[in-house]
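Derivation of every value follows stated rules applied to the coordinates shown; laboratory data play no part. This structure is a prediction, so every number in the text was calculated from the model and none was measured. Here the Cβ positions follow ideal geometry from the backbone for every residue, glycine too, while neighbour counts run over all protein chains shown.
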Amino acid sequence: MTAVEVTEGVLVTTSAIDVTTSTIVVRGREVLLVDPAWVPSELVALADLLHARGLTVAAGFSTHAHHDHLLWHPRFGDAPRWASPRTAELAVSERAGLLENMGKGWPDGLLALFARVEALDAGRLPEPWGEVELVVHDGHAPGHTALWYPDRGVLLAGDMLSDIELPLPFGPDDLPAYLAGLDALAPYVARAQLLVPGHGHPTTDPLARLDADRRYLADVISRGESDDPRIGKPGMAENHAHLQRMVRETL
């Protein structure tokens, strides 16, 4: 597995599934590992990469309670794995469904570690990562969290602000929450020099991502359609149709 250093001390790997990113934030010889993913072989490759670079996982963070963002591997060690309180709650209450979404063939050792996150009810990470601000909202998933590194100008956005995925609000009441989530992220996007989405490609133009998402949602809300090119990406036509139904039923 190759890691791209998108800015000094921030490495991003990309899964073969759904262009899912894992982010490694380096401090000395220790790292904060955000949303490690995806298949067992890729988790092993990620552990190999860290070992080859002489890096130790000091902590992990899951941005939200979807199955592809709650993974771990024994070789990452027993470092604390944090998430927002709502994410940690859902990781327990929805565990059976999350495991079902994982599919078959997963080793027992990885399933035992799956979704074992602890609630972090604070606006920042604990020291020595205390400069990292947590931006918690309910867009895309309840308790979804972005990580903002003001000294690096880096925003780890989770499953928001993607170049390959449309905005994906779910559930009958989630569209207003998604719009509020974009509003919560906006001040950080305006200051960010680099944005890393949970699916897709990092960008040095975060405002363009925010503008694209707002424009897409405004178009669907106002006229029921959009010419957003992401509709043609794999799986996105179905999600576009889902959002159209949601708008008709809730607004």
Inset, instruction - Please work out how much length the chain gains when fully extended from Glu94 to Asp108, using 0.36 nm per residue of separation minus the C-alpha to C-alpha distance, in nm with one decimal. - result: 3.2 nm
Legend entry - Label zone at Ser41, where the point sits 7 Å out along the Cα-to-Cβ direction: region 92-116 residues whose backbone N lies under 18 Å: 103-108, 110
Inset, instruction - Have a look at the DSSP beta bridges in the chain and tell me what percent are antiparallel, nearest 5. - result: 65 percent
Legend entry - Over the chain, relative contact order from alpha-carbon pairs under 8 Å, at least 6 apart, %: 14 percent
Inset, instruction - State, to one decimal in nm, how far the label point of Asp173 lies from the label point of Ala79, with both points 7 Å from Cα in the Cβ direction. - result: 3.6 nm
Inset, instruction - Using θ = phi - 60° and the Karplus relation 6.51 cos²θ - 1.76 cosθ + 1.60, list the HN-Hα couplings for region 118-127 in order, rounded to whole Hz, with x at every Gly or Pro. - result: 10, 5, 10, 9, 7, x, 9, 6, x, 5
Inset, instruction - Would you be so kind as to identify which of Phe170, Leu210, Ala65 lies farthest towards the positive end of the dipole of the chain, taking Lys and Arg as +1 and Asp and Glu as -1 on Cβ and the Cα centre as origin? - result: Ala65
Legend entry - Two-decimal Rg to Rh for the chain - Kirkwood Rh, Cα set: 0.95
Legend entry - For region 151-194 versus region 72-103, the gap between their alpha-carbon centres in whole angstrom: 22 Å
Inset, instruction - Could you point to the residue in Leu161, Thr56, Ala16 farthest towards the positive end of region 4-250's charge dipole, with +1 and -1 charges on the Cβ of Lys/Arg and Asp/Glu respectively? - result: Thr56
Legend entry - MRE, 222 nm, helices only [DSSP H, n ≥ 4, -39500 (n - 2.57), over the chain, to nearest 500]: -11000 deg cm²/dmol
Legend entry - region 1-93: relative contact order in percent, alpha carbon pairs under 8 Å with at least 6 residues between: 22 percent
Legend entry - Spatial separation of Cα centroids for region 1-44 and region 218-238, in angstrom: 30 Å
Inset, instruction - Report the net charge of residues surrounding Glu165, where surrounding means a beta-carbon distance below 13 angstrom and charges are Lys +1, Arg +1, Asp -1, Glu -1. - result: -4
